[in-house]
Amino acid sequence: MRALVWCFAGALVACRAELAEPVLRTVPDGGPRAAVEHHDDHEEGHHDEEEQDLLEVSQDVLRDLRLTTARAESRPGGGTATALGEVRIMDDAQAVVGVPVDGRVVKLRVRVGDRVQKGQHVADLLSPTLGRARADVLHAQGSLKSAQAMFEREDDLATKGLGTQRDAMHARSARDAAQLNVEAARLHLRAMGLSSEMAPEDDLAVLHAVSPMSGVVMERPVVMGELVHSDDVIARVADLSSVWVVAHVFERDAVRLAKGAQVSITLAALPGEKISGVVEHVGHSVDPAVRTAPVRVVVRNDKGRLKPGMSANVELSVGTEDGRLATTVPAAAIQRVDDAWCVFLPRGNGKFERREVARGRDLGGEVEILNGVKPGEEIVVNGSFIIRAQSMRGHMDGEHHHH
């Protein structure tokens, strides 16, 4: 019975040895590979909780790695953030050319790309509605002219005693009613957004579509002879002297941006050039799909080289609201292992601690660490990727061994 117990204990020890923690070593064939051993985390007093993430790399592998290390630093929380963006027309710098009543296009005066001034004619249309309204004004004006002449005649006769005051009063009332009819006809035109004023060569029904602002014609979707309704677009005009660059900034950086922050912009279409801008607005909502907020940057475009739709790389100055210091490590030091960000801390004799960290902002060549590493702690920089690969290979070998 005692022999059976000892055999069972021996088997249990062997099993526990197979559940060892990952240790990296060199196998007899001379090539570096990860062999996995697991140490039972319940083993009596031999390993503390920190050692559960220790990885051991053989001296042969270490010689090939040429590791470099650096210490985590504490620096002011302000820095820079990068984001992708695109050039857009400013909302208040674009307008639609339309007409208030239906009409048929009889002349087009501009093309896409033309520069126009405020009030310039973009297209001419024939509108029966306008023709009738203008005819009503002309008829009312003719009636007023006759009524005025009748009043002057009756008033003159009454003054000379050749007519009665009653006839003069009737003529005055008729003149006043005609005046009201003229005003009503004009008000009807103004209510439709039209004017009774017209060039001598124009027909009563000619309607001029004019640009409400100075700028460049971006679109002109109509063609000759087309019937245009009051809700149709005849042309779109934009002032491109200043444009927006809308950057899609990660939420962790957007909360540290302030209106007026300086921005540096580069565009693939203008290699080697940096364009300055200023943050005008930081979006109040975050896109849940990509976790970014829109940030509008105002950029001068006097030469017109920035075209709407161009892609841009944006570098923004960000800071912290409370002025706190940020813990940073070189960007090459942080690695993705499974579903977590990790760094590796050297522990001597070829051993490295794998420690999970919370990643913050990208600050140029450095990364902000929100927690997991303290300033002054030494971490692996060059070679961390190889250690990551070795640890993951060891983990896979261990899983294969258990299966």
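Cβ-Cβ distances below 7 Å connect the following pairs, each with a first residue in segment 281-299 that is on the phi > 0 side of the Ramachandran plot, a second residue that is part of a strand (DSSP E or B) and not polar (S, T, N, Q), and a separation of six or more residues or different chains: ARG291/PHE250.
Residue check: is GLY260 of a type outside the set (D, E, K, R), over 24 Å from GLY365 (Cβ atoms) and loosely packed, with under 14 Cβ neighbours inside 10 Å? Walk me through it before giving the result.
On the way: of a type outside the set (D, E, K, R): yes; over 24 Å from GLY365 (Cβ atoms): yes; loosely packed, with under 14 Cβ neighbours inside 10 Å: yes.
Yes; evaluated as a whole, the condition is true for this residue.
For every residue, the table says whether it meets (1) in contact (Cβ under 8 Å) with a residue 40 or more places away in the chain; (2) assigned to a loop (DSSP other than H, G, I, E, B); (3) surrounded by fewer than 18 Cβ atoms within 10 Å (Cβ to Cβ).
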residue: GLY163; (1), (2), (3): no, yes, yes
residue: ALA171; (1), (2), (3): no, no, no
residue: GLU183; (1), (2), (3): no, no, yes
residue: LEU204; (1), (2), (3): yes, yes, yes
residue: ALA209; (1), (2), (3): yes, no, no
residue: ASP231; (1), (2), (3): yes, yes, yes
residue: ARG236; (1), (2), (3): yes, no, no
residue: THR266; (1), (2), (3): yes, no, yes
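Condition check: modelled with pLDDT under 75 and closer than 27 Å to ARG252 by Cβ. Does GLY364 satisfy that? Spell out the reasoning first.
Working: modelled with pLDDT under 75: yes; closer than 27 Å to ARG252 by Cβ: yes.
Against the criterion (modelled with pLDDT under 75 and closer than 27 Å to ARG252 by Cβ), GLY364 qualifies.
Of the strands (runs of 3 or more DSSP E) entirely within segment 296-381, those holding at least 3 residues that are among the basic types (Lys, Arg) and more than 25 Å from VAL245 (Cβ to Cβ) occupy 351-363. Here GLY372 meets the list (1) surrounded by fewer than 17 Cβ atoms within 10 Å (Cβ to Cβ); (2) free of Cβ contacts under 8 Å to residues at least 40 places away in the same chain almost entirely, failing just condition (1).
Does ASP253 qualify as being of a type in the set (Asp, Glu), over 16 Å from VAL298 (Cα atoms) and in a loop (DSSP other than H, G, I, E, B)?
Details: of a type in the set (Asp, Glu): yes; over 16 Å from VAL298 (Cα atoms): yes; in a loop (DSSP other than H, G, I, E, B): no.
So ASP253 fails the test.
Condition check for GLY225 on (1) of a type in the set (Gly, Ala, Ser); (2) part of a strand (DSSP E or B); (3) closer than 25 Å to VAL116 by Cβ: one failure, at (2).
Give the residue that is surrounded by the most Cβ atoms within 10 Å (Cβ to Cβ), with candidates limited to residues of segment 276-298 that are under 15 Å from GLU315 (Cβ atoms) and modelled with pLDDT under 95. Spell out how you get there, then give the answer.
The first filter runs over segment 276-298 and keeps only residues under 15 Å from GLU315 (Cβ atoms), leaving 276-279, 295, 297.
Subset that is modelled with pLDDT under 95: 276-279.
Values: SER276: 11, GLY277: 23, VAL278: 14, VAL279: 21.
Restricting to residues being under 15 Å from GLU315 (Cβ atoms) and modelled with pLDDT under 95, the top hit is GLY277.
The values are calculated or read from the model by the stated rules, or taken from the named source; none is laboratory data. What you are looking at is a predicted structure, and each value in this text was computed from that prediction instead of being measured. Cβ sites come from the backbone with ideal geometry, for glycine too, and all protein chains shown count toward neighbours.
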